[in-house]
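Here's the structure, in structure tokens; my notes come after.
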Amino acid sequence: MGNHDTIDQWRNEYYYKLRDCKKAMMDDCALSQAYNSNTLKKFMEQLIGTHGLENVSLLLSNTIREAPWDKRYSSKVKAWANRYPEIQPASAEEKEPLRIFALNLYEHPAILNQAARIAMQKEKELSQSKPKEQAR
């Protein structure tokens, strides 16, 4: 297996991880149901525990960044979203150059804004616990 095959394999695995994370957020309107039942924080903690903070944050940030004109996202959330890299689309030679858009979260901005705030809080908690661990 050549280096090119390894890169393609990694890219596909990464895409499928993100797609599975999105599926967990969107299937059966899970994100909006959690928001409407006031269990969004618990839902997000479970989602982060299963799929990882990086994947959850990457999906949220890329979706939020798609609508810079939307005032329903807070300025803090927009600034947070801009810190994350864009999910890179497949190269032009590939069969599915637009599959990247399959990773957008189609949810109301108020729900995504609140979900992003929870992810931001989790990042803050993790960054504060790292210095304590390093001091040991």
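The values are calculated or read from the model by the stated rules, or taken from the named source; none is laboratory data. Small disclaimer: the values here were computed from a predicted structure and weren't measured. FYI the Cβ positions are ideal-geometry reconstructions off the backbone, even for glycines, and counts take in every protein chain you see.
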| task | Return the residue satisfying two criteria in turn: it lies in the stretch 52-67 and is over 8 Å from the mean Cα position of the chain (by Cα) and surrounded by fewer than 19 Cβ atoms within 10 Å (Cβ to Cβ), and of such residues it is farthest from Y106 (Cα to Cα). | result | G52
| task | Hey, can you tell me all the residues within the stretch 89-116 that are modelled with pLDDT under 85, part of a loop (DSSP other than H, G, I, E, B) and surrounded by 10 or more Cβ atoms within 10 Å (Cβ to Cβ)? | result | P89, A90, E94, E96, P97
| Cβ pairs under 8 Å, 6+ apart, first in the stretch 7-33 and in contact (Cβ under 8 Å) with a residue 12 or more places away in the chain and of a type in the set (A, V, I, L, M, F, W, C), second exposed (fewer than 11 other Cβ atoms within 10 Å of the Cβ) and not in a helix (DSSP H, G or I) | M26/Y106
| task | Collect the residues in the stretch 65-87 that are closer than 18 Å to L18 by Cα, aliphatic (A, V, I, L, M) and part of a loop (DSSP other than H, G, I, E, B), keeping them in residue-number order. | result | I87
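Out of K17, K42, K23, which single residue is of a type in the set (D, E, K, R), assigned to a helix (DSSP H, G or I) and closer than 19 Å to E123 by Cα? Before you say what the answer is, go through the steps one by one.
Details: K17 fails: closer than 19 Å to E123 by Cα; K23 fails: closer than 19 Å to E123 by Cα.
Testing whether each residue is of a type in the set (D, E, K, R), assigned to a helix (DSSP H, G or I) and closer than 19 Å to E123 by Cα leaves just K42.
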